[in-house]
Amino acid sequence: MQEFKTVEVTTDFLVIGAGMAGAGAAVEGGYWAKENNLKITVVDKAAMERSGAVGMGLSAINQYQGDNSPVDYLSYVRQDLMGLCRDDLVMDISRHVNGSVHMFEGFGLPIWKDGEGNYVHEGRWQLMINGESYKAIVAEAGKTAVGIENVIERVFVLRLLLDKNDKNKVAGAIGFSVRDPEIYVFKFKACLACSGGAVHVFKPRSTGEGLGRAWYPPWNAGSSSYLTTTAGAEMTSQEVVFIPGRYKDAYGPVGAWFLLFKAAATSATGFNYMAEGLAEGGELHNWPPYGKVKPIPTCLRNHLMMIEMYQKGDGPIFIHTDKAIAKIAEQAPDEKAYKKEMKKLEAEAWEDFLDMTISQAILWASKDVFPEEGPSEIMPSEPYFIGSHSGASGAWCSGPEDIQTEESKKEYFWGYNRMTTVKGLFAAGDGVGLSSHKFSSGSFTEGRIAAKAAIKYCVENPEMPEFDSAEVDKLKELVVLPLKHYEEHTAYTTLGTTNKKYDMPVEEVNPNYITPKMAIFRLNKIMDEYVAGWGSQYNCSAITLNIALDLLKLLKEDLPKLAARNLHELMRCWENVHRVQIAEAHTRHKLFREETRWPGYYYRSDFRKMDEDKWGKVFVNSVYDAEKDEFTMLTKPLIHLVDIKEVVGM
Ligand code: SFD
Ligand code: AMP
């Protein structure tokens, strides 16, 4: 096996993941680090310019407050999550997010403007952008703020290292280059886990030639969650997945269609399930008070769609793009204006996907779909773990001090904003639980908030912690083990193409090792069939969840046998290790919360209703002991900072 050299990086503050939250952390942290003469380093497994969820671009900024107050935003978020969010975290982002959006514009991001120069809104909180280069623009600002020499790209961070004298404090991290035979050992006072959410834990709907296509990026493999969980940080709401309703097969987002174009969706035979769900005696009345709020919570919108598809068998669901476009164009005063408007709408329809989900535009083109002429199919996707959109999973973090009540301060504040329960370990973006609906702009904002607090932590805790070098030596061997497995055992491979070195056929089947592709298939099958994926129509029970835990245990026993043909596959191996951790945490959380709180995200078939008395005022949290490989489940109280008396009305 090729020799690996060790690269040691000593810094004050390490940002792990240079996505939207990481870029925000770089911009803000770069400033405060300079002020305090500290060093900040940013590391990403990809190239920052196009890394993370926004790599392909976006067509909207989903969180902009405008003149709305943080309480307005909180009321929306709380309702969307069926009552369960952290008021302090949500309002904290809300009060700072306008500043981030104005920064984006300053960096050069084109935001749509109307004739009077005002931003064009998609919905109440969302702004339309020409966002194909959104990530490149934001990344450039982040790189400039920290200095290009402090950005390390194409290094996968595998695990955090704890202080040898204080096991509740971070001291470093270990990773490896995905391009060169190099192991990276980072030493720092504080770090920020902002390595995105988790995709491909559940089986994707895409198969065959489209396999791997998902709404959220497949390269977000649960690293934020893995890094914080295995460092011993308390995690929250790992049971809350996000299932977006998306255009079938290419997963094009629906927001612009529902909010900007005001399209309606119906079942195959034309049943307007949203309108009928709201009407007297409709399904939404079975989920008080959240069935009656506006907008209807995301999970309930899914729930109505799922009833049509799975209970009534009246699928597929159609989104009537043609009717929506016609309704807008009809308002044109004359034939000439109508034609012009149609051209504009057609261009906007295509741009929405070309800016954000190019494959959807390609699929439309290849299937001869003309959105102005006919409807498209939409359907609920597989579940994702994403703390920044309409899910809630992530680390249990300290909130800001200044907006707590006396009661909430005892539970929600421990010294530094966005610090996890492990000293020096901060989180942001998809990595933070219960601070949902922050999207790209709010993730950037949360990265700024966390970085500022982390620099304060470095100033107030100036001593560099020490990790155990014997542990690092062991980890260094572990990191490259999959390459060793492959080299040692590849000759036993029985199927497939030819291995040039050994002149032997190679593919997946080998009695001595498991390839990353086979490992992910196995994980996906377990999660889909027993933990409420689309294959089980999103149903699970204590019985299926316990079967899953048994199967995950067996899978975990096989993970040390992962094999990698090259550095890229080495990353794929460790990504799967990260995914399996969140899969188990999720299954345990789901088992613990004995109710169906988010119908449309998942159903506990043994507890079909929301149980407000038992579960309506608590968050489900967990702590993982990496040495014992044991989870401890617990609850934390839901404390409201403000009363929102009236739901927004039907
Ligand atoms: O329409 C490691 N999102 C949308 N947000 C919006 O504001 N508007 C939209 O229009 C949005 N839509 C949307 C969105 C996402 C996607 C994929 C589509 C459409 C198709 C959501 C936002 O993108 C999302 O909320 C934020 O990007 C979250 O930010 P953050 O920082 O938590 O995650 P990231 O940007 O993916 O970055 C993660 C980074 O970590 C790196 N990484 N680095 C080192 N070691 C490891 N082990 C690592 N693991 C991961 C990644 O490379 C990446 O750089 S719509 O559908 O709602
Ligand atoms: P999406 O494209 O589904 O990710 O949605 C983008 C934004 O629009 C998010 O803020 C969603 O919560 C919101 N959204 C999408 N569809 C609807 C809808 N039918 N009603 C209200 N809000 C929606």
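Of these, Glu411, Glu406, Glu373, Glu351, which one is within 15 Å of ligand 2 (Cβ to nearest atom) and either at pLDDT below 95 or open to solvent by 10 Å² or more (accessible area, probe 1.4 Å) (or both)? Walk me through how you get there before you give the answer.
On the way: Glu411 fails: within 15 Å of ligand 2 (Cβ to nearest atom); Glu406 fails: within 15 Å of ligand 2 (Cβ to nearest atom); Glu373 fails: within 15 Å of ligand 2 (Cβ to nearest atom).
The conditions single out Glu351.
Among the criteria (1) in contact with a His (Cβ under 8 Å, 6 or more places away or on another chain); (2) open to solvent by 10 Å² or more (accessible area, probe 1.4 Å); (3) not assigned by TED's automatic domain parsing to the domain that holds Ala193, the one Ser225 does not fulfil is (3).
Within the option set Lys340, Lys327, being over 36 Å from the mean Cα position of the chain (by Cα) and more than 15 Å from ligand 1 (Cβ to nearest atom) holds for one residue only, Lys340. Close Cβ contacts (under 6 Å, 6 or more residues apart or on different chains) running from residues in segment 103-122 that are touching a residue at least 60 places away in the same chain (Cβ under 8 Å) to residues that are part of a helix (DSSP H, G or I) and surrounded by 18 or more Cβ atoms within 10 Å (Cβ to Cβ) comprise Glu122/Ala256; Glu122/Leu259; Glu122/Leu260.
Condition check: at pLDDT 95 or above, more than 10 Å from ligand 1 (Cβ to nearest atom) and aromatic (Phe, Trp, Tyr). Does Tyr73 satisfy that? Please lay out each step first, then the result.
Details: at pLDDT 95 or above: yes; more than 10 Å from ligand 1 (Cβ to nearest atom): yes; aromatic (Phe, Trp, Tyr): yes.
It is true that Tyr73 is at pLDDT 95 or above, more than 10 Å from ligand 1 (Cβ to nearest atom) and aromatic (Phe, Trp, Tyr).
Out of all the residues in segment 250-270, which are more than 14 Å from ligand 2 (Cβ to nearest atom) and surrounded by 18 or more Cβ atoms within 10 Å (Cβ to Cβ)?
Initially, segment 250-270 is screened for residues more than 14 Å from ligand 2 (Cβ to nearest atom), giving 267-270.
Scanning segment 250-270 gives a single hit, Ser267.
Checking each residue of segment 566-589 against the condition of being surrounded by fewer than 23 Cβ atoms within 10 Å (Cβ to Cβ) and either part of a loop (DSSP other than H, G, I, E, B) or in the same structural domain as Trp287 (by TED's automatic domain parsing) (or both) gives at least one match. Within segment 155-171, identify whether any single residue is crowded, with 18+ Cβ neighbours inside 10 Å, not in a strand (DSSP E or B) and not aromatic (Phe, Trp, Tyr), and answer yes or no. No.
For every residue, the table says whether it meets (1) within 29 Å of Leu161 (Cβ to Cβ); (2) at pLDDT below 95; (3) not assigned by TED's automatic domain parsing to the domain that holds Arg522.
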site	(1), (2), (3)
Thr632	yes, no, yes
Pro637	no, no, yes
His640	no, no, yes
Ile644	no, yes, yes
Val647	no, yes, yes
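Criterion first (of a type in the set (Ser, Thr, Tyr), surrounded by fewer than 24 Cβ atoms within 10 Å (Cβ to Cβ) and in contact (Cβ under 8 Å) with a residue 40 or more places away in the chain) does Ser177 satisfy it?
Values: of a type in the set (Ser, Thr, Tyr): yes; surrounded by fewer than 24 Cβ atoms within 10 Å (Cβ to Cβ): yes; in contact (Cβ under 8 Å) with a residue 40 or more places away in the chain: yes.
So Ser177 passes the test.
Under 30 Å from Asp92 (Cα atoms), free of Cβ contacts under 8 Å to residues at least 60 places away in the same chain and open to solvent by 10 Å² or more (accessible area, probe 1.4 Å) - does that describe any residue in segment 591-611? Spell out the reasoning first.
Of all residues in segment 591-611, those under 30 Å from Asp92 (Cα atoms) come to 592-593, 595-602, 610-611.
When the remaining residues are screened for being free of Cβ contacts under 8 Å to residues at least 60 places away in the same chain, the result is 595-596, 611.
Okay, now just the ones that are also open to solvent by 10 Å² or more (accessible area, probe 1.4 Å), so 611.
Yes, some residue in segment 591-611 is under 30 Å from Asp92 (Cα atoms), free of Cβ contacts under 8 Å to residues at least 60 places away in the same chain and open to solvent by 10 Å² or more (accessible area, probe 1.4 Å).
Looking across segment 13-38, the residues that are surrounded by fewer than 24 Cβ atoms within 10 Å (Cβ to Cβ) and under 14 Å from Tyr457 (Cβ atoms) come down to Trp32, Asn36, Leu38. Where strands (runs of 3 or more DSSP E) sit wholly within segment 312-427, none has at least 2 residues that are outside the structural domain of Gly442 (by TED's automatic domain parsing), in contact with a Lys or Arg (Cβ under 6 Å, 6 or more places away or on another chain) and among the acidic types (Asp, Glu). Criterion first (in contact with a Gly (Cβ under 9 Å, 6 or more places away or on another chain) and polar (S, T, N, Q)) does Ser388 satisfy it? Criteria met by Ser388. Tell me the residue from Gly291, Gly212 that is in a loop (DSSP other than H, G, I, E, B), surrounded by fewer than 23 Cβ atoms within 10 Å (Cβ to Cβ), at pLDDT below 95 and touching a Pro at 6+ places or on another chain (Cβ under 9 Å), please. Checking each option against the conditions leaves just Gly212. Would you tally the residues in segment 252-286 being more than 15 Å from Pro316 (Cα to Cα) and in contact with a Pro (Cβ under 8 Å, 6 or more places away or on another chain)? Residues that pass the stated criteria total 2.
The values are calculated or read from the model by the stated rules, or taken from the named source; none is laboratory data. Quick caveat, the model's predicted, so the values are computed rather than measured. Neighbour counts run over all protein chains shown; Cβ positions are idealised from the backbone, glycine included. Surface areas here come from the heavy atoms of the whole protein model, side chains and all, with no ligands, DNA or RNA. Shrake-Rupley method; radii C 1.70, N 1.55, O 1.52, S 1.80 Å.
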